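The values are calculated or read from the model by the stated rules, or taken from the named source; none is laboratory data. As the structure is a prediction and not an experimental result, all values here were calculated from the model. So basically every Cβ, Gly included, is an ideal-geometry build from the backbone, and we count neighbours across all protein chains shown. Surface accessibility is based on the protein's heavy atoms, side chains included, excluding ligands, DNA and RNA. Shrake-Rupley method; radii C 1.70, N 1.55, O 1.52, S 1.80 Å.
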Amino acid sequence: MGKLYNPSKRTFTGPWFLDIKALEELDEIVEFANDELKKSRNEIIESIALKDFEDKKRESLDEARKYAVKYSFDSIRKDITLISKDESKLKDNTVKELLVDPKIKSFSPKELSIDIEYGRTNRFSFNAKQRYDGELEYEVKSTKSEIEDEINYQLENWVDKYKPLTIQSLWLKLAFPLAMFSGILCFILALNIFSTYKPNTKEIYKDKIATIIKTGVNEKNQTEAIDLLLKINSGYIPTDIQEEIKINKTAKRGAIITLVFCLIGIFKPKTIIGVGRDKNKLKIYKRYMKFILFVIPGVFLYPYIIDLLKSWL
């Protein structure tokens, strides 16, 4: 039977709205991963030391452990970094310690980076950033598959809980072509909203013509009827008739709609790490998302819904 291999690195498109609660829950996963990877590395060292001692390469088990650590050439590090928009960085040992650090109040975070390493074979990395498509990615590697599976399981549950709606990811992905196409279309429609218009002879004299047709041509209006025929056939337009500005209602309505879509494309959703200066910004973005995704479609669809309900009643 074949064995299933899951990719150690996974990437998820934004936008991600990471509030304090999400980051605190992430901190628990990070600390769990740190403890398990450290334990996995220690077990490898212990295994090497025990083998050297049993092979009588070292006089004691403690000496074997020291040699195993010294010559493992493993790098051990734990870097948790919050990067601000002005490129300043805030580092600490845990995500929770970052959150309670007073200096975070002056931060406008654009990226959260977490790197844990206990040798080349026991690694954990996590990265959430505003850049490009606001993607979030993580990678887990361990010498023990059960540890790797458990960390991945917890991360997958966390991702499922806080992942963006499909329509939000689609909005972010299509924001540029949406803004460009709707902006061009809005410009073209705006040029056609206003136009100058000068009525022709039939429109100028239509009321008089209608009156004569209604009463019929007789001795009293015969001269007037002949005069009207001459004016219409010659295309005569009185000098006091001025050009009028006419509004194209279809172009006006289309320009407004395309302008809305253009603004939606420009003010696209993006990943926000809701701490420091961006704490309130995250709240505003969440309201903005609800307005765009629910209120605006409701406004456009309201007349059609009412007509549909009336047809059923």
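For (1) farther than 30 Å from residue 129 by Cβ; (2) within 33 Å of the chain's Cα centre (by Cα); (3) not charged (D, E, K, R), each residue gets a yes or a no:
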| residue | (1), (2), (3) |
| --- | --- |
| 245 | yes, no, yes |
| 248 | yes, no, yes |
| 259 | yes, yes, yes |
| 265 | no, yes, yes |
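Which count do you get for residues in region 171-202 that are over 30 Å from residue 236 (Cβ atoms), of a type outside the set (Ser, Thr, Tyr) and open to solvent by less than 90 Å² (accessible area, probe 1.4 Å)?
15
Criterion first (of a type outside the set (Gly, Ala, Ser), at pLDDT below 90 and open to solvent by less than 60 Å² (accessible area, probe 1.4 Å)) does residue 133 satisfy it?
In short, yes.
So the check is Cβ under 8 Å with 6+ separation or different chains; which pairs have a first residue in region 266-294 that's modelled with pLDDT of 90 or more and a second one that's of a type in the set (Ser, Thr, Tyr)?
Every condition considered, the pairs that remain are 267/288; 272/285; 276/84; 276/106; 276/108; 277/106; 277/108; 278/108.
Can you tell me how many residues in region 97-118 are in contact with a Gly (Cβ under 8 Å, 6 or more places away or on another chain) and buried (at least 16 other Cβ atoms within 10 Å of the Cβ)?
4
Scan region 138-156 and give yes if some residue there is touching a helix residue (DSSP H, G or I) at 6+ places or on another chain (Cβ under 6 Å), open to solvent by 40 Å² or more (accessible area, probe 1.4 Å), charged (D, E, K, R) and not assigned by the TED database to the domain that holds residue 272, otherwise no.
yes
Here are the criteria: (1) at pLDDT below 80; (2) under 30 Å from residue 277 (Cα atoms). Tell me which single one residue 65 does not satisfy.
With respect to (1) at pLDDT below 80; (2) under 30 Å from residue 277 (Cα atoms), residue 65 is out only on (2).
Could you tell me which of the residues 94, 121 is assigned by the TED database to the domain that holds residue 32 and open to solvent by 40 Å² or more (accessible area, probe 1.4 Å)?
After applying the criteria, what remains is 121.
Output the number of residues of region 29-59 satisfying the condition of being modelled with pLDDT of 75 or more and either in contact with a Leu (Cβ under 7 Å, 6 or more places away or on another chain) or among the β-branched types (Val, Ile, Thr) (or both).
Number of matching residues: 2.
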